[in-house]
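S.K.: Before I ask anything, here is the structure I am working with.
The values are calculated or read from the model by the stated rules, or taken from the named source; none is laboratory data. Keep in mind it's a predicted model, so treat the numbers as computed, not measured. Here the Cβ positions follow ideal geometry from the backbone for every residue, glycine too, while neighbour counts run over all protein chains shown. The accessibility values were calculated without ligands, DNA or RNA, using every heavy atom of the protein model including side chains. Shrake-Rupley method; radii C 1.70, N 1.55, O 1.52, S 1.80 Å.
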Amino acid sequence: MNSTTLYYVIIGILIFQFILETILDYLNAKKYNDPIPEELQDVFDAKAYKKSQEYKKTNYRFGLLTSTFSLVLTLGFLLFGGFNFVDQLVHTISNNSILQALLFFSIILIGSDIITTPFSYYQTFTIEEKFGFNKSTPALFFIDKIKSWAMMGVVGGSILALILWFFQWASTNFWIYAWALIAVFTLFMNLFYSKLIVPLFNKQNPLEEGTLKNKIEMYAQKVGFALNNIYIIDGSKRSTKANAYFSGFGKEKRVTLYDTLVNDLEENEIVAVLAHEVGHYKRKHIIFNLISSIALTGFMLFILSLFVNNPEVSLAIGVLKPSFHAALISFGILYSPISELTGLVMNSISRKFEYQADDYAKNTYAAAPLISSLKKLSENSLSNLTPHPAYVFMHYSHPPLIKRIRNLKE
């Protein structure tokens with residue numbers, strides 16, 4: 001394909017993805033007023049249900065606005081030579097191809113983030129504030145953004161620079177070395193994310209001695225799960241929404257509970273949530289997801305290696321001079337349909353894993369406290385109890401609440 005054909009393919013992909021997502025969002029929104037299943041009648045009272053409906057509809061309308069703006073911005077950048085303008089600019093600053101690429105992506109990514117910041121600010125301080133979720137402050141909002149830019153610059157910039165160096169050194173075989181680099185980085189982050197990255201944004205403290213810790217330790221001992229690292233994170237500094245996650249493996253594995261989760265749930269419900277997370281570990285889901293992620297990255301890099309030296313791929317986004325960084329932008333859009341397909345497969349597997357983790361918690365602890373915890377978490381986050389099946393298929397990594405509860409009651 002020549003660059004003109006690829007240019008129209010790129011535009012076609014962007015428009016098709018927008019139309020598909022808009023249709024899915026519309027179908028999902030049409031389900032908002034469906035009757036609540038009998039098993040979920042106790043999740044919301046009348047007032048809370050009305051609030052949840054309003055919250056979902058507000059987010060739907062706002063999401064349509066932001067996605068439309070994003071499409072117009074991207075198409076405008078393509079149609080009016082935005083990528084070429086940035087490319088020409090970085091060429092006037094440096095003759096070094098690695099530095100050019102770093103500057104190119106810095107300008108595009110940070111510029112895009114600045115342009116869309118009013119939307120995220122409105123989302124946080126108008127929508128989330130209105131419905132009682134936001135606990136952040138404008139100062140914290142912008143500090144988080146600056147920290148994210150710095151981390152993206154240091155970590156992302158270093159990885160990109162090394163990948164470019166591999167490309168200059170090994171040509172089309174660069175993907176093997178890039179894959180090894182990203183695999184090592186992925187393993188490292190899985191082990192030490194909670195120690196190195198989380199503290200930049202949140203405070204973590206070991207769970208204090210008390211009945212909750214005793215119950216968790218008793219359960220861990222019962223199922224033969226060595227757990228010495230249980231931490232509470234101050235999620236409430238930004239939002240009232242609750243969460244819990246499992247990270248690391250071996251001696252570095254730890255469970256992190258949001259303080260909002262600890263405040264919202266009873267102790268037996270917290271142990272049930274923890275039992276679910278232990279289920280993921282025991283059923284090897286974490287290892288599977290890690291290996292799958294690395295394998296998919298290797299596949300993507302291999303496909304990239306087949307196209308990156310083709311000048312037509314670079315020229316497809318409107319630049320006048322072929323380069324690795326221009327090819328990377330073009331390839332990222334061209335590859336996105338494949339990424340969507342692999343995402344569908346991974347979401348389907350993830351939903352099965354959630355059932356398996358629920359079953360593990362039911363069999364090793366109890367179903368009732370897990371059911372009540374899921375209902376409370378859904379209530380507190382004003383979640384959608386009647387999602388459209390097509391939307392679930394495309395986007396949900398967890399089964400809908402009703403299906404999880406029915407599975408737990410079997």
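S.K.: List the aspartates and glutamates whose alpha-carbon lies under 15 Å from that of Lys56, not counting same-chain residues fewer than 8 positions away?
M.R.: Filter leaves Asp25, Asp34, Glu128, Glu129, Glu379.
S.K.: Going down the list Lys30/Lys130; Lys50/Lys147; Lys253/Lys352; Lys282/Lys375, which pairs span over 28 Å between their C-alpha atoms?
M.R.: On the way: Lys30/Lys130 23 Å; Lys50/Lys147 37 Å; Lys253/Lys352 23 Å; Lys282/Lys375 25 Å.
Table pairs above 28 Å Cα-Cα are Lys50/Lys147.
S.K.: Could I ask something else about it? How far is it, in nm, from the label point at Lys237 to the one at Ile23 when both lie 7 Å from their Cα along the line to the Cβ?
M.R.: About 4.4 nm, to one decimal.
S.K.: Would you be so kind as to identify which of Phe174, Asn205, Val154 lies farthest towards the positive end of the dipole of the range 107-237, taking Lys and Arg as +1 and Asp and Glu as -1 on Cβ and the Cα centre as origin?
M.R.: Asn205
S.K.: Take the cross-link list Lys135/Lys213; Lys251/Lys362; Lys213/Lys403; Lys31/Lys57 and give me the ones stretching past 20 Å between alpha-carbons.
M.R.: On the way: Lys135/Lys213 27 Å; Lys251/Lys362 26 Å; Lys213/Lys403 30 Å; Lys31/Lys57 11 Å.
In this structure, Lys135/Lys213; Lys251/Lys362; Lys213/Lys403 exceed 20 Å between Cα atoms.
S.K.: Please list 3J(HN,Hα) in residue order for the range 367-380, calculated via the Karplus relation 6.51 cos²θ - 1.76 cosθ + 1.60 where θ = phi - 60°; whole Hz, with x for glycine and proline.
M.R.: Along the range 367-380, the couplings run 7, 4, x, 6, 4, 5, 5, 4, 5, 5, 5, 5, 5, 5 Hz.
S.K.: Summing Lys, Arg as +1 and Asp, Glu as -1, what charge do residues with Cβ under 13 Å from the Cβ of Leu315 carry, Leu315 excluded? Please list the in-between numbers first.
M.R.: Working: positive: Lys321; negative: Asp87, Glu312.
Cβ neighbours under 13 Å give a net charge of -1.
S.K.: Straight-line reach only, C-alpha to C-alpha below 18 angstrom: list the aspartates and glutamates that Lys409 could link to, leaving out same-chain residues fewer than 8 apart.
M.R.: Glu38, Glu39, Asp42, Glu269, Glu354, Asp358, Asp359
S.K.: Rounded to the nearest 5, what is the percent of antiparallel bridges among the DSSP beta bridges in the chain?
M.R.: Numbers: 8 of 12 bridges.
Antiparallel: roughly 65 percent of the beta bridges in the chain.
S.K.: Further, regarding this structure: Be a star and scan the range 56-91 for residues whose amide nitrogen sits under 20 Å from the point 7 Å along the Cα-to-Cβ vector of Ile110.
M.R.: The answer is 82-91.
S.K.: Assuming R0 = 41 Å, can you tell me the calculated FRET efficiency for the pair Ser292 and Thr58, based on Cβ-Cβ distance, to the nearest 0.05?
M.R.: Details: r = 35 Å, r/R0 = 0.86.
That gives a FRET efficiency of 0.70.
S.K.: Same structure again: If the chain between Phe185 and Glu39 were fully stretched, how many nm would it gain, using 0.36 nm times the residue separation less the Cα-Cα distance?
M.R.: Numbers: separation 146, 0.36 × 146 = 52.56 nm, distance 4.38 nm.
That pair, Phe185 and Glu39, stretches by 48.2 nm at full extension.
S.K.: Continuing with this model, one more query. Using the Cα centre of the range 40-102 as origin and beta-carbon charges of +1 (Lys, Arg) and -1 (Asp, Glu), tell me which of Phe77, Leu65, Thr92 is placed farthest towards the positive end of the dipole.
M.R.: Most positive-ward Cα: Leu65.
S.K.: If I model a spin label at Thr5 and Phe85 as a point 7 Å from the Cα along the Cα→Cβ vector, what separation in nanometres do I get?
M.R.: Inter-label distance under the simple model: 3.1 nm.
S.K.: Next question, about the same structure. Kindly report the accessible area of the chain per residue (heavy atoms of protein chains, probe 1.4 Å, no ligands, DNA or RNA), in Å². Intermediate values should be presented prior to the final figure.
M.R.: Numbers: 20860 Å² over 410 residues.
Ligands and nucleic acids excluded, the result is 51 Å² per residue.
S.K.: Sum -39500 (n - 2.57) across every DSSP H segment of at least 4 residues in the chain, then divide by the residue count to get the 222 nm mean residue ellipticity, nearest 500. Before the final figure, lay out the partial values.
M.R.: On the way: 16 runs with 284 residues, N = 410.
My calculation for the chain gives -23500 deg cm²/dmol from helical runs alone.
S.K.: Taking the chain as the reference, fit the longest principal axis to its C-alpha atoms, fit the long axis of helix 211-222 to the helix C-alpha atoms, and give the angle between the two in degrees, 0 to 90, nearest 10.
M.R.: Taking the Cα atoms of the chain, the angle to 211-222 is about 80 degrees.
S.K.: Say the dipole of the range 258-317 comes from +1 at the beta carbon of Lys and Arg and -1 at that of Asp and Glu; which of Leu261, Ile291, Val278 then lies farthest toward its positive end?
M.R.: Most positive-ward Cα: Ile291.
S.K.: Right, next: For a quick check: with amide H placed at 1.01 Å from N, whose amide H comes under 5 Å from Ser239's, ignoring anything fewer than 5 positions away on the same chain?
M.R.: When sequence neighbours closer than 5 places are left aside, the close amide H contacts are Lys135.
S.K.: Let me ask something else about it. Taking a label point 7 Å from the Cα of Thr172 along the Cα→Cβ vector, which residues of the range 1-37 have an amide N closer than 18 Å to it?
M.R.: Inside the label zone: 1-2.
S.K.: Follow-up. Share of the range 190-294's accessible area from carbon and sulfur, percent, 1.4 Å? Could the numbers behind the result be given before it?
M.R.: Working: 2710 of 5190 Å².
For the range 190-294, the apolar C and S fraction of the accessible surface comes to 52 percent.
S.K.: Along the range 61-72, what does the Karplus equation 6.51 cos²θ - 1.76 cosθ + 1.60 (θ = phi - 60°) give for ³J(HN,Hα), rounded to whole Hz, x for Gly and Pro?
M.R.: Residue by residue, the range 61-72 yields 5, 5, x, 5, 5, 5, 5, 5, 4, 4, 5, 4 Hz.
S.K.: Determine which residues of the range 198-238 fall in the zone a paramagnetic label at Ile146 would reach in this model, i.e. backbone nitrogen under 12 Å from the point 7 Å along Cα→Cβ.
M.R.: Backbone N within reach: none found.
S.K.: What is the magnitude of the charge dipole of the chain about its Cα centre, with +1 placed on the Cβ of each Lys and Arg, -1 on the Cβ of each Asp and Glu, and no other charges, expressed in debye to the nearest 20? All intermediate terms of the calculation are to be shown ahead of the outcome.
M.R.: Working: 36 positive and 31 negative charges, 55 e Å.
Taking the Cα centre of the chain as origin, the dipole is about 260 debye.
S.K.: Which percent of the accessible area of the range 3-116 is formed by carbon and sulfur heavy atoms (probe 1.4 angstrom)?
M.R.: Numbers: 4330 of 6460 Å².
Answer for the range 3-116: carbon and sulfur cover 67 percent of the accessible area.
S.K.: Something else about it: Could you check the simple spin-label distance between Glu340 and Tyr245, using points 7 Å along Cα→Cβ, in nm with one decimal?
M.R.: 2.6 nm
S.K.: Now for a separate question. Taking the Cα centre of the range 1-159 as origin, work out the dipole magnitude from +1 charges on Lys and Arg Cβ and -1 charges on Asp and Glu Cβ, in debye rounded to 20. Before the final figure, lay out each step's value.
M.R.: On the way: 12 positive and 13 negative charges, 61 e Å.
Computed about the Cα centre, the dipole is about 300 debye.
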